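Notes for the one structure printed next.
Readers should treat all values here as calculations from the given coordinates under stated rules, not as data from a laboratory. These numbers were taken from a predicted model, which means no experiment stands behind them. We place every Cβ from the backbone using ideal geometry, glycine too, and count neighbours over all the protein chains shown.
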Amino acid sequence: MNKNKLITACVLSGAILASFSVNAEEKTYLQGFSSKINQGFFNIGTGFIEIPKNIVNISHEQNIFVGLTWGTLRGVGHAVSRTLVGGAELLTSPIPTDDYITPPYVWERFS
C-alpha cells in the first residue's frame, strides 16, 4: 500500500515539475532539474518501446524481414541503453548537464 502511494507521489510531483514553462534561451536550475527527473522516469518506464519502434522504423526503411531481425536486435540494444540512461538521469538530476540521449523521449522520431 505504501509503495503505491510513493509511486503515485513521484508521478504527480514529476507532472507538477513538468508543468513549468521552459524558455529555450534561459533555463533555470529548477527547470533543468525537473526536465532530468521527467526524462529519467519516462526513459526507465518506457525504454522497452524501443523494440517495436526500431522494428517499425527499419521495416519502413528496408523491408519487413530486415525489420523483424535487425530491428529486434537494434531495439533490444536501444531499450537497454535508454533504461540505463534513465537511471543515470535520475541519479544525476541535481547536477545541471545536457541531455544524455537523443531524442530525450522514446516516442520522438517514431515513424
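Applying 0.36 nm per residue to the separation of THR69 and THR8 and subtracting their alpha-carbon distance, the gain on full extension is 18.2 nm.
A simple rule links phi to the HN-Hα coupling: the Karplus curve 6.51 cos²θ - 1.76 cosθ + 1.60 with θ = phi - 60°, which for the range 80-94 gives 5, 5, 5, 5, 5, 5, x, x, 5, 5, 5, 5, 9, 4, x Hz, with x for Gly and Pro.
Of all aspartates and glutamates in the structure, the ones whose alpha carbon falls short of 12 Å from that of LYS27, not counting any fewer than 8 places away in one chain, are ASP98. Between ARG109 and HIS60, residue separation times 0.36 nm minus the direct Cα-Cα distance comes to 16.3 nm.
Listed highest first by mean packing, meaning other Cβ atoms within 10 Å per residue, what order do 60-66, 87-93 come in?
Peptide ranking by packing, descending: 87-93, 60-66.
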